[in-house]
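Accompanying notes for the structure given below.
The values are calculated or read from the model by the stated rules, or taken from the named source; none is laboratory data. All of these numbers come straight from a predicted model, not from anything done at the bench. All Cβ positions, even for glycine, are placed from backbone atoms using ideal geometry, and neighbour counts span all protein chains on display.
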Amino acid sequence: MVLKGELMSLVTLGAVLKFAVKIEDQAKEFYENNIDCEDFKNLLPQYEKRIKKLIRVRRENTTEMILEPIKDFSPNLYQIAQQIEENVKSFSLSIIGKKIERTIGDFYSEAAKKIAFLSEVATLFDDISADHYKNSDTIK
Amino acid sequence: MKGEILKNYVNGKWVESESEKTRDVINPAIGELLAKTPMSTSREVNQAIEAAKEAFWKWRTTPAQSRIRYLFDFRDALEENFEELAEITTLEHGKIIDESIGEYRRTIENVEVATSIPSLQLGYNFEDVASGIDEMVIKQPLGVFFCVAPFNFPAMVPSWFWPYAIATGNTYIVKPSDQCPLTMVKQFELLDEIGLPKGVINLVHGGAEAVNTLIESPDTIGMSFVGSTKVGKLLYKKCGEAGKRVQVQGGAKNFITVMPDANLERTVPNLITSFLGNTGQRCLAGGVLLAVGDIYESLKDAILESAKKIKVGDGLDESVHLGPLASEAGMKNVLRIIETGIDEGAELILDGRNVEVEDKLSKGFFIGPTIFDKVTPEMTIAKDEIFGPVIPIIQVKNLNNAIDIIHANPYGNASSIFTSDGKTAREYQYNVRAGNIGINVGVAAPIATFPFSGMKDSFKGDLHGQGKNAVDFFTEEKVVITRWF
């Protein structure tokens with residue numbers, strides 16, 4: 001779906017999940033472009049799986065009963081494409097990979113708090129956050 | 001697509017309407033023409049009835065397991081086209097994209113429940129009701145049914161009915177909203193692709209002439225209607241006179257009671273969703289906020305603060321909380337009611353008129369969140385359905401006062417209470433005469449296995465849409481008593 005407008009703030013569950021897919025895609029693209037790095041290659045299968053899962057959650061959990069607005073959640077701290085662009089000349093690939101994983105982990109950690117009213121999705125976000133932090137530690 | 005006159009889908013084919021009368025379908029966010037809905041003639045409607053009647057016997061004798069496989073295919077088609085479907089609904093209705101996604105989730109859920117027909121349509125039997133005599137009940141389909149659908153949930157509401165109707169072996173005619181018909185047109189394109197036998201399901205656009213023809217035909221069995229109470233009562237009477245089965249879901253004025261012990265942090269976002277979601281155009285939308293006792297001031301401040309943060313704009317923009325009203329007429333009606341609220345002495349503490357939107361949306365039908373304080377039960381804004389993003393607040397002394405106000409209103413579609421006390425919640429659920437009760441839930445929308453209930457002037461009929469109620473509506477019970485010599 002082509003959506004109009006900039007994501008000034010993540011105000012709905014749909015917007016949070018769409019942004020999650022967007023940054024996962026951006027990270028995945030970076031790893032695919034640097035597939036010679038063994039650590040990155042190993043990360044790709046989990047990205048495929050996670051993106052599918054997020055798309056499913058967006059469809060399944062955006063229900064009429066619980067379309068509550070989300071407050072004060074800015075995506076600015078978690079712009080992965082921008083982070084890659086800013087770091088690519090100054091840091092090694094592995095350091096960029098670590099930063100990416102930590103940033104995405106931070107995003108899910110914050111998102112879980114913002115959507116605490118949907119405990120099932122919040123738990124999933126906490127789990128995904130933990131996966132990304134773990135990835136950050138595994139990249140050498 | 002722009003300006004195209006939509007076609008009917010009759011007997012497995014898309015056919016142009018012979019009618020010269022049309023209604024414009026407008027994108028309410030930008031005020032631009034999307035398509036034109038033909039006002040089909042009686043002759044065209046009768047052709048659809050004839051096609052459905054012709055298809056009935058063969059379809060009725062098709063095993064249920066085979067019938068529902070078409071619904072499995074349709075369900076898959078809805079999932080495959082999910083994003084496009086949701087976007088079409090937002091385009092023609094204006095609701096934000098998450099709301100369209102939520103609407104389609106429930107639509108798919110109804111199709112899924114209808115695939116359980118081999119279980120849901122089971123009859124029952126009993127041996128030896130007298131010596132050597134057995135008795136059984138068979139639930140049989142009846143023939144041609146139709147629905148007259150509203151604009152506010154153009155995808156979901158028809159799904160309360162038609163999947164159950166055809167799964168049980170009936171044939172069907174959908175008369176979609178003439179204001180928001182594109183949603184059903186897209187669904188029928190998918191139905192066409194899955195290859196249901198011709199005539200089993202038909203789509204006829206139109207207005208009063210089409211509806212009257214459907215009701216007056218001796219070949220239709222029953223009607224499902226969702227819309228205003230005024231029109232609903234009229235059609236209920238006409239259906240009664242014509243001997244039809246009928247279920248009429250009418251208007252609403254849903255009272256939301258907030259007790260002093262409510263968890264405000266969790267309650268306020270729920271209230272915002274309830275009153276402002278779908279831009280207030282839900283039959284389950286919060287209609288009046290009853291603030292009980294000393295929570296009044298803090299609740300009012302919290303809801304005002306939250307409502308001020310709501311961003312209004314195009315529903316396709318994911319940074320937006322609140323889309324436009326679905327039509328210019330709807331917007332004007334809400335503006336008129338706001339004026340009435342002011343004239344009758346309510347205090348306008350948040351004015352959504354002339355809300356600021358992007359320049360490109362200047363022709364859209366926008367009203368921002370609007371809050372009235374110092375409302376009394378006699379005021380128009382406390383009694384009539386507004387169908388817009390307006391929150392009237394009434395301060396009440398205690399729960400009994402709240403229930404008295406609720407019961408004085410003729411509607412009984414839904415009501416919610418926010419409280420931390422189980423006994424209070426039970427008392428509310430037990431006493432309040434409304435069809436859908438929410439306990440700490442602002443939008444008491446039943447899932448597809450439960451009936452979408454409604455009471456008093458909000459519903460006329462016996463059986464509701466969705467789930468087992470729908471199965472009973474679309475079948476009749478035949479008793480067979482058997483003795484073998």
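Here B:Asp301 does not fit the description of being free of Cβ contacts under 8 Å to residues at least 60 places away in the same chain, closer than 17 Å to B:Asp384 by Cβ and more than 12 Å from chain A (Cβ to nearest Cβ).
Scanning region B:255-298 for residues being farther than 30 Å from B:Met156 by Cβ and buried (at least 24 other Cβ atoms within 10 Å of the Cβ) gives a total of 2.
Being assigned to a helix (DSSP H, G or I) and away from chain A (no Cβ under 12 Å), is that true of even one residue in region B:251-264? So far as region B:251-264 goes, yes, one or more of its residues are assigned to a helix (DSSP H, G or I) and away from chain A (no Cβ under 12 Å).
For region A:40-91, filtered to residues that are at pLDDT below 90 and of a type in the set (Ser, Thr, Tyr), the residue that is surrounded by the fewest Cβ atoms within 10 Å (Cβ to Cβ) is A:Ser90. Scanning region B:447-485 for residues that are within 14 Å of chain A (Cβ to nearest Cβ) and crowded, with 21+ Cβ neighbours inside 10 Å yields B:Ala448, B:Phe452, B:Gln466. Filtering B:Ser458, B:Ser453 for residues that are free of Cβ contacts under 8 Å to residues at least 60 places away in the same chain, in contact with a helix residue (DSSP H, G or I) (Cβ under 9 Å, 6 or more places away or on another chain) and under 25 Å from B:Glu109 (Cα atoms) leaves a single hit, B:Ser453. Among the numbered conditions (1) under 17 Å from the mean Cα position of the chain (by Cα); (2) more than 10 Å from every other protein chain (Cβ to nearest Cβ); (3) in a helix (DSSP H, G or I), the only one that A:Ile55 does not meet is (2). Evaluation of A:Glu32 against the conditions (1) in a helix (DSSP H, G or I); (2) surrounded by fewer than 17 Cβ atoms within 10 Å (Cβ to Cβ); (3) within 14 Å of another protein chain (Cβ to nearest Cβ) shows that the sole unmet condition is (3). Output yes when any residue across region B:471-482 is under 17 Å from B:Val226 (Cα atoms), assigned to a loop (DSSP other than H, G, I, E, B) and at pLDDT 95 or above, and no when none is. Looking through region B:471-482, at least one residue is under 17 Å from B:Val226 (Cα atoms), assigned to a loop (DSSP other than H, G, I, E, B) and at pLDDT 95 or above. Being among the aromatic types (Phe, Trp, Tyr) and more than 9 Å from chain A (Cβ to nearest Cβ), is that true of even one residue in region B:106-125? Within region B:106-125, one or more residues are among the aromatic types (Phe, Trp, Tyr) and more than 9 Å from chain A (Cβ to nearest Cβ).
In region B:426-446, of all residues being of a type in the set (Val, Ile, Thr) and more than 20 Å from the chain's Cα centre (by Cα), the one that is surrounded by the most Cβ atoms within 10 Å (Cβ to Cβ) corresponds to B:Val432.
When residues in region A:66-121 are screened for being touching a residue at least 24 places away in the same chain (Cβ under 8 Å), basic (Lys, Arg) and within 14 Å of another protein chain (Cβ to nearest Cβ), 2 of them pass. The number of residues in region B:234-250 being of a type outside the set (Val, Ile, Thr) and in contact (Cβ under 8 Å) with a residue 60 or more places away in the chain comes to 6. Just one of the numbered conditions (1) hydroxyl-bearing (Ser, Thr, Tyr); (2) in a helix (DSSP H, G or I); (3) within 11 Å of chain A (Cβ to nearest Cβ) is not true of B:Ser319: (2).
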